[in-house]
Structures are given as C-alpha cells and as structure tokens.
Amino acid sequence: MSRPQRTFVCQSCGAVYAKWAGKCDACGGWNTVVEETAGTAAAGAPPGRLAGGGKGRRIEFAGLTGTSEQPPRLVTGLAEFDRVCGSGLVPGSALLIGGDPGIGKSTLLLQVAAALARAGIGCAYISGEEALDQVRLRAQRLGLDKTDVQLAAATAIRDIVATLDARGAPSVAVIDSIQTMWLDSIDSVPGTVTQVRASAQALIELAKRRGVTVLLVGHVTKEGAIAGPRVLEHMVDTVLYFEGERGHQFRILRAVKNRFGPTDEIGVFEMSDRGLIDVANPSALFLAERRGAVSGACVFAGVEGTRPVLVEIQALVAPSSFATPRHAVVGWDSGRLAMVLAVLEARCGVSIGPNDVYLNVAGGLRIAEPAADLAVAAALISSLADTPVPADTVIFGEIGLGGEVRAVSQRDARLKEAAKLGFQKAVAPVTDGARPTAGGISVDEVGHLSDLVARLRPTNERRRPLAPAGRRQGRYD
Ligand code: TYD
Ligand code: MG
C-alpha cells in the first residue's frame, strides 16, 4: 500500500506546498501553512471519484439555444434577504454566507429556514455547532418553534448527503457551519482547507444533481487565518458576507458574488431580542443618533447597490502625543484616507501637520465608494478648522490626485434620498448641464477641492486657522 501523500496547505488561501513554510508565498500570510494528509485526493482536487478525471471518452457539445427552464425562485418573504439573493433563492444553487463568529449567521439562516417552511417548502437545518436543544431554544426565543423546519445535529457529510439524496427529502438545506463538517475519506481534521473544500464539493454536487438548495455557513476571522470560506468562493454560486460591528445592532448582508443576481446589493438588518429585523429605510437608521451641526461630522449621500444610503462621516484631527502621528479608520479604506490627506496638503495648502487623524463611518457601515472622498475631506477640514458643516447639507464626490472633484454615478438618486430625509442643500461635483437644484435640494457644485476648503474656512478668530499656521498646533513647534 502506498503511503498517504503529505502536503502542506495554506489555511488562508489554499495554496499547496511540498514542504512546510513559515510564510505563504501566494497570500503572504504567516503561520498559515499546516500539514495535511491528502490520501488520493490531492489537496487541490475534489475528493473521491472526481479525482481520476474521466475515462477519456468524448464529451457531447450543445448549443447556447436550448430549452433550459428555470424553476421559480424560492422567496422567503424576508425582504432584505431576498433582495440580496436577487429576488429569492434559485433552486439547486449553492450559497455561502460568511462572517465573523457571533455576527448572527445562524440566527439569519434559522429565520430563512422558518420562513421557507412557512411557505410550504421543505427545509432542513443541520447544525454541526450547536446541540438540538440550543437551536430549539433559539427558535423559541425568535417565535419560530411552531414552524415545520427539519432539525438535525450532524457533521458527517456522507450521512448528510445520503439523507438529502433520499426520496421526499427537504429541498433546502442549511449547513451550519461548513467548518464543522467532515468526510471520512480524508485524513485531515474538520476545519482544514482540505476537509472544508471536500465537504463543500460533496454538498454542491448534490445541489446540482438533485436540485437541493444548499446554504452553507462559513466563519471568517479578521486575519483569515482559519480555513475559511475564501477557498470556497469559486465553488459556490452565490457568496454573501454578513458584517457589522459587534457593538452595533445593525447588520449588513452584502453580495460579493452572485451568478443569479446583482453583486453590489446590500440588505440591512437590525439585531433585536427577537432576531434580525428588516430595515426598509437604512438612511433614517444610520442618521438616527446624529447631533446636528458639530465640527468634524458631515452626511455622505452614498449608494449601496441600487439603493441610496445616507451615513454620517466623523473625523477627528487632534494634536498627536506620539512620535509618529496615528491615522486610524473605521468603515473606510485607510489608503484612500491617506490619499485625501495628501491631496489636501499638496493641492489645497491645508496643513495637517503632526496631528492624529481618526475617521469613523457612524453606525457600523463599511463604505467602499470613492464618492465618499469629498465627504471625508469635508469632515477632516471641518474638524481641523473647528467649523461645523451645516446640518442640512449632504456631500458626495470623488477626488482626483490633482484635487479635482469628479462626477459620480446616481446623482439624482442621492439627492432624492437626501430630500426625502429633510436635507436642503448638497455639495456635489460640477455637472455639464447647469442644474443648481434637484429634487427640491439646492446644489452647490464644486469643481476643485480648494473650493470646499474655501467654504469651510473659519469665519472668526476663535476657530483654528487652516494653513499654514495650522502647523503651530503640534507639540514640536
Ligand atoms: P449567532 O446567530 O449565533 O451568530 P453566528 O452564527 O454568526 O456565530 O448570533 C449570535 C449573537 O446574536 C449573540 O451574540 C446574541 C445575538 N442575538 C440577539 O441579539 N438576538 C437574538 O434574537 C438572537 C437569536 C441572537
Ligand atoms: Mg452560528
């Protein structure tokens, strides 16, 4: 008998090595490479019978025009979840929900399973992490214990696949979580890349063959050090990430890959003592705790997917007590903050000096849009000059390296949302056709970042001058 093949697999990205290495060359992760005994299934290949790769027979080609009928989507009735999936689940698809432990994945999927069961769709919830009683208690707390969800505690993939393959088996299966599942043909412990990938492969194969919709839960840590859903992203049809700050009650479900719908859509939920509740109007929620005009804060009119969302951006520029000033960002890209600071210094003569810079997107939302540049700049200038941005103003626009303010998409949708929430003014990029008002909002168009700086310049001596004397604020002068 041949000796089982030893391979070393990066638990973060799945790269395979012949010998151990402290650092993964593929993803740059440290201490992520561990030994796995792969048997016949090489770590990169799917397990069992697929490893042989066919018998050399000719394959039959078919044309693009055919009669592939799409069965109706499974609509859960949880509006935000359906929206992110692209108006419901596609039968026979595999969906992965990733997110930090404790963020609410099990809660969400229990609610999804119960909603489907209520609609008369056979639904199984297979828990590998929690005992039956724990899941039942949660269902009771959520008021879902009267629904007809088929509950099981199991981790052996072979048993699960056999059960779901049988006649009359449920047509939707929630697997919570893929990290706890294991296939006995593979020697590695559950949670390693090889096990996670092989287990998912077996479930996805079942989904395609039997039309079972599989919802996989996957934990990711901030460092991505545990064999995470990252290695599964290319195998499943849809990847959703569930995010949010632990201390906040808002949760954002974000589609990062969807073979059957849009990928930039978000769903907003509020975590309550009765589970996750749809948030139909996120802007009102994100702005709920705003305290009028304070220096260093402004409202950004953003767009997430197809939906405009208003959020407050907060900045604090304060004299540093460190040798090297600190720049810390929550909810935005720190590289982009560095760029905005550099443009303010180089193109507008605003001196940040040896100050610490803190930036926060209030409410726990994570913004990826470059359109937030102008709002970030406004918050920074406002904090530095100690001048509040007017409370009835929203801001959006992308900033170029020359300091020019660039147009962004969906201008009207942003302005309409702002008008709906009672805002009167907007600071926005210049448009071709002169449209000083839109949706009842008067628009102040800025072509260059220095125009914005001029508008937020301190109006009396009590406030801090922006430049060049701003440097005097530092402790080194
Ligand atoms: P959970 O769904 O177990 O997270 P995950 O599966 O992603 O690890 O959610 C756990 C958190 O959610 C826990 O801290 C408690 C909170 N929670 C509520 O606030 N309200 C509820 O109704 C439920 C069920 C959980
Ligand atoms: Mg869980």
By the rule of another cysteine's Cβ lying under 4.7 Å, the cysteines of the chain that fail to get a partner are Cys85, Cys123, Cys298, Cys348
For the chain, the longest principal axis of the Cα atoms and the Cα long axis of helix 411-420 enclose an angle in degrees, to the nearest 10, of 80
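Would you mind getting me the FRET efficiency between Arg209 and Ile277? Use the beta-carbon distance for r and R0 = 35 Å, nearest 0.05.
On the way: r = 36 Å, r/R0 = 1.04.
FRET efficiency, Arg209 to Ile277: 0.45.
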Pairs over 32 Å Cα to Cα, from Lys146/Lys416; Lys23/Lys257; Lys55/Lys208, come to Lys146/Lys416
Residue-normalised 222 nm signal for the chain, counting each DSSP H run of n ≥ 4 as -39,500 (n - 2.57), nearest 500 deg cm²/dmol, is -7000 deg cm²/dmol
About its Cα centre, region 285-455 carries a charge dipole, from +1 on Lys and Arg Cβ atoms and -1 on Asp and Glu Cβ atoms, whose size in debye to the nearest 20 is 260
With Cα coordinates, the longest principal axis of the chain makes an angle with the long axis of helix 193-210, in degrees rounded to 10, of 70
Excluding residues fewer than 8 positions from Lys420 in its own chain, the aspartates and glutamates with Cα under 15 Å of it are Asp392, Asp412
Heavy-atom accessible area per residue of region 142-219, all protein chains kept, 1.4 Å probe, expressed in Å², is 39
In nm, the gap between the two label points placed 7 Å beyond Cα toward Cβ at Val294 and His327 is 2.4
For region 79-280, shape from the Cα gyration tensor axes a ≥ b ≥ c, cut at a/c of 1.5 then a/b versus b/c, turns out rounded
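Is the C-alpha gyration tensor of region 113-214 telling us rounded, prolate or oblate? Criteria: a/c under 1.5 is rounded; beyond that, a/b larger than b/c is prolate, otherwise oblate. Spell out each step's value before the answer.
On the way: a/c = 2.56, a/b = 1.41, b/c = 1.81.
Note, shape of region 113-214 comes out oblate.
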Rounded to the nearest 10, the angle in degrees between the Cα long axis of helix 105-118 and the longest principal axis of the Cα atoms of the chain comes to 60
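The values are calculated or read from the model by the stated rules, or taken from the named source; none is laboratory data. Because the structure is a prediction, the values reported are computed rather than measured. Heads up, the Cβs are rebuilt from the backbone with ideal geometry, glycines too, and the neighbour counts pull from every protein chain shown. Surface areas here come from the heavy atoms of the whole protein model, side chains and all, with no ligands, DNA or RNA. Shrake-Rupley method; radii C 1.70, N 1.55, O 1.52, S 1.80 Å.
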